[in-house]
Amino acid sequence: MLASADFLKRLPYFATLNPQAVAQLARETQELSLDKGEIIFLEEEPCRGLYLVSSGQIRIFKSSPEGREQVLHIAKPGDTFNDVPVFDGGSNPASAAALEPSVVYLIPKKILLSLVADCPVAVAIIKQLSAQMRRLTQMVEDLSFHSVVSRVARMLLDLATVEGSPSPVPRLTQDEMAGMVGSVRDVVGRALKSLEKAGAIKMEGHRLLVIDAGRLKEMSYLSDKSRIR
């Protein structure tokens, strides 16, 4: 038994489990001893499970293609991390590395999911909350690493009402768009003009059409080298 039942019982996830269930969970839990700077997992890798910090500190971060980093969270003893992909079925939304010599416990995904398998309502709620958390993580990445042109392009792709081109976008003011991408009206206006000049969209008064979804997708991943703030 690598993780003590007492340690697991203190965590909010497992506080209501009966002693037998906690003991079984402890038997399935793996212990990882980490050196300072050691990578635990990388963004976009398949999720192995839920991690629990026993000692030390773990840095949760996202990286840009240019090598910039944005720290999302520092997990300390008693904290969990990588919760989202356990429940929404996706890949790791961020990377994790030890800030100092640390010990973490790993509960395999299938073991954790088995605890809620008999309650479909709980599973559905958890999946929905996890999806929302993933979207918030994506928003942090967009604000940290992507130009306003890139963020506006991604927003328009998400808002396009039909697949293919041309595709109308629901009517929004530039102030509303600015609020959605974390910018201001004038900068969003310049971004829209850049997208139109590139042939990705067409503006007809208050009407906006996506005329080249492929080009718009390309521009949604623009490098920070062309960043417009």
| query | Past the 27 Å Cα-Cα mark, which pairs from K62/K202; K36/K127; K36/K217; K76/K110; K62/K127? | reply | K62/K202; K36/K127; K36/K217
| field | Computed lengthening from Q30 to R10, 0.36 nm per intervening residue step minus Cα-Cα distance | value | 5.5 nm
| task | Could you check the simple spin-label distance between L159 and E100, using points 7 Å along Cα→Cβ, in nm with one decimal? | result | 4.7
| request: For the chain, find the longest principal axis of its Cα atoms and tell me its angle to the long axis of helix 148-159, 0 to 90°, nearest 10. | output: 80
| task | Measure off 7 Å from each Cα along the Cα-to-Cβ vector at A124 and T173, then give the distance between these two points in nanometres to one decimal. | result | 3.7
| message | What is the angle, in °, between the Cα long axis of helix 120-145 and the longest principal axis of the Cα atoms in the chain? Nearest 10 is fine, range 0 to 90. | response | 60
| note | Per the helix-only model, the chain has a calculated mean residue ellipticity at 222 nm (DSSP H runs of ≥4, -39500 (n - 2.57) each, divided over all residues, rounded to the nearest 500) of -12000 deg cm²/dmol
| Quick one: if you stick a label point 7 Å off each Cα along the C-beta vector at I39 and R68, how many nm between them? | 2.1
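Read-outs: derived from the displayed coordinates by stated rules, not from any lab. Since the model is a prediction, treat every value here as computed from it, not as a measurement. Note that each Cβ is placed from the backbone with ideal geometry, even for glycine, and that neighbours are counted across all protein chains shown.
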